[in-house]
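A quick write-up on the structure given underneath.
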Amino acid sequence: MKLSTVNSYFLFLLTIALFFACKEDGKVPSGDAQSDTYYGEKHRPQYHFSPEANWMNDPNGMVYYEGEYHLFYQYYPDSTVWGPMHWGHAVSKDMVHWDHLPIALYPDEHGCIFSGSAVVDWDNTSGLGVGDKPPLIAIYTYHDFEKEKAKTGNHQTQGIAYSNDRGRTWEKYEGNPVLPNENKIFDFRDPKVIWYEPTNRWVMVLAAKDRLHIYDSPNLIDWSFTSEFGEGEGNHDGVWECPDLFPIKIKGTDQTKWVLIQSIGTGNPQGGSGTQYFIGEFDGKTFVNDNPPEKQLWLDQGKDNYAGVTWSDVPESDGRRLFIGWMSNWQYAQVVPTETWRSAMTLPRELELITTKQGLRVTSQPVAELSTLRKSTKSFESLDTLNYGLTDFEEDGGLYEVELSFKKPKSGKTRIEFEHGDLRKLIVYYDADNNEFGIDKSKTGNISFHQEFGYLHTAPRDYDSEDIKMRIFIDHSSIELFADDGRVVMTEIFFADKPMNVFTLIHNEMNAMSDFVLDINEYKWHELKSIWE
């Protein structure tokens with residue numbers, strides 16, 4: 001669809017703002033009235049996972065078993081700031097709606113429970129199963145604060161726990177730790193374990209300061225060092241954390257590559273913590289990076305996606321590589337302006353490996369199951385009139401998904417502004433002059449709680465299609481942009497006083513010698529439901 005053409009020396013403003021009709025059929029009303037409802041506190045996400053109360057960070061132990069997606073997470077039940085870590089626990093049948101379960105793993109004599117992974121031990125290689133059903137095995141880092149204070153160097157070791165009742169209760173292995181810290185590496189943590197079929201052995205990739213150690217085992221208990229990866233590879237501005245290693249087919253082919261995800265505490269191009277990745281080959285013992293060692297690839301080009309890993313044991317019949325991350329940044333995670341709870345997870349995402357002119361790249365797309373949250377849809381074609389001024393429609397809860405596709409303009413910025421009645425706004429845009437996407441949080445509300453929170457972040461568009469695609473998810477305190485079918489992804493948190501319940505499409509083009517043209521392929525708005533209703 002081509003919108004009207006105007007010749008002018010002045011700034012041209014085209015605005016389409018959409019409000020949906022007010023509704024009061026949900027448990028979570030909008031605005032200040034939220035405070036007296038379950039999961040209705042100020043800033044509380046309504047379709048992203050967050051703990052019922054207190055501190056949460058890294059997702060852990062993500063495993064699929066008997067129709068359930070398990071999400072464990074770093075959890076401190078006694079405060080809204082980081083402390084002695086436990087494993088919180090929730091399960092879901094669709095990665096969208098979650099049931100909270102009791103804390104799975106508590107600190108013990110070996111230390112508190114840092115990040116790790118979980119697998120289904122299908123052949124009971126560990127011998128920890130009971131009967132004819134396989135056990136679930138959690139592999140995690142012990143952190144001993146007393147040994148850390150004493151500077152012994154061996155305060156981080158690896159332990160395991162097992163469950164024979166679908167993850168509802170867990171027993172620690174009596175021989176813990178299964179992997180001691182013999183070389184006394186100060187940062188020695190976050191084991192991710194996979195089954196490597198060609199050698200019939202388990203493989204562990206483990207963060208060791210600013211590189212990775214790789215181990216293998218026949219039984220999840222006895223581990224042998226096989227190789228190291230990371231020296232001179234990628235970004236080394238901070239400590240490496242939360243690795244993940246998995247095979248994935250190049251989209252549209254039968255060729256398989258290996259992707260190594262590696263979070264880093266400092267080094268994100270937007271500042272603070274972020275997640276880089278490598279693409280290469282793995283033979284069960286050694287990972288070899290296909291790209292030049294100095295090449296840096298980032299899974300998310302926003303500021304607030306960290307420590308994400310993928311689910312293990314997703315059935316082959318599904319075939320997807322499924323990912324979720326912690327939606328915050330270590331620069332300010334402990335001081336964000338929430339009171340009873342801290343942090344949320346990103347939307348669950350499907351990762352794919354695609355071929356581009358620049359080489360192989362990982363893309364991220366929201367999982368298809370999220371479409372079940374749509375409760376009403378409107379599109380540009382359904383509007384009665386088209387005005388060159390501001391047109392207002394109202395949407396109650398501030399929860400929505402926007403799909404926008406248009407032909408690349410010759411110049412200027414095409415942006416969607418999300419706002420509420422107090423002149424607070426959040427801006428997402430495509431800049432044709434610089435060929436980049438951007439998110440501007442400078443007018444969203446509370447931005448003063450930390451100097452590194454950041455106002456404006458941009459991401460280059462490394463793609464030559466003439467169609468610009470933007471898919472945007474807005475919750476009460478987050479925005480996720482999936483552009484160009486997931487080639488560019490930006491995740492950002494913000495803290496507005498009220499839900500952003502107005503959105504406006506604007507194109508600005510300053511070119512006296514040519515006409516203003518915005519050629520829209522698609523423009524849809526989906527009002528979304530709370531997952532806690």
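What follows draws every value from the coordinates through simple rules; no lab data is involved. Bear in mind that the values here come from a model prediction, so they are computed numbers and not experimental data. Note that we place each Cβ from the backbone using ideal geometry, even for glycine, and neighbour counts take in every protein chain shown.
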As straight-line cross-link partners of Lys93, the qualifying aspartates and glutamates (C-alpha separation under 18 Å, not fewer than 8 residues apart within one chain) are Glu66, Glu68, Asp165, Asp313, Glu316, Asp318, Glu350, Glu369, Glu533
Cβ-Cβ cut-off under 14 Å around Ile214, Lys and Arg +1, Asp and Glu -1: the net charge is -4
Dividing the mean separation of Cα pairs under 8 Å (6+ apart) by the residue count of segment 120-271 yields a relative contact order in percent of 15 percent
1/(1 + (r/R0)^6) with r = Cβ-Cβ of Ser465 and Lys209, R0 = 41 Å, i.e. FRET efficiency to nearest 0.05, evaluates to 0.50
If every Lys and Arg gets +1 and every Asp and Glu gets -1 at its Cβ, then about the Cα centre the chain yields a dipole, in debye to the nearest 20, of 620 debye
Filtering GluC sites (Glu not before Pro) in segment 68-160 by DSSP loop and by at most 10 other Cβ atoms within 10 Å leaves Glu109
Lys and Arg at +1, Asp and Glu at -1: neighbours of Val178 with Cβ under 12 Å from its Cβ sum to -1
Rounded to the nearest whole number, the per residue volume of the convex hull around the C-alpha atoms of segment 405-497 in Å³ is 98 Å³
Here the FRET efficiency for Lys133 versus Asp318, based on Cβ atoms and R0 = 35 Å and rounded to 0.05, is 0.95
Here the FRET efficiency for Phe145 versus Asn183, based on Cβ atoms and R0 = 22 Å and rounded to 0.05, is 0.60
So the pair-distance distribution of the chain, from every Cα-Cα distance in 20 Å bins, comes to percents of 22, 54, 22, 2
The Cα radius of gyration of segment 49-346, divided by 2.2 N^0.38 Å with N its residue count, comes to 0.94
Using alpha-carbon positions, the gyration tensor of segment 38-77 gives root eigenvalues a ≥ b ≥ c; with a/c under 1.5 called rounded, otherwise prolate if a/b exceeds b/c, else oblate, the class is oblate
Loop-resident chymotrypsin sites (Phe, Trp or Tyr not before Pro) in segment 426-495 with no more than 11 other Cβ atoms inside 10 Å, DSSP not H/G/I/E/B, are Phe449, Tyr455
In segment 73-174, the trypsin sites (Lys or Arg not before Pro) that sit in a DSSP loop and have at most 14 other Cβ atoms within 10 Å of their own Cβ are Lys93, Lys151, Arg166, Arg168
Answer in debye to the nearest 20: the dipole magnitude of segment 49-346 about its Cα centre, from +1 Lys/Arg and -1 Asp/Glu charges placed on Cβ, is 380 debye
Here, segment 256-393 modelled as identical Cα point scatterers in vacuum has Debye log10 I(q)/I(0) at q = 0.09, 0.10, 0.11, 0.13 Å⁻¹ of -0.41, -0.50, -0.59, -0.76
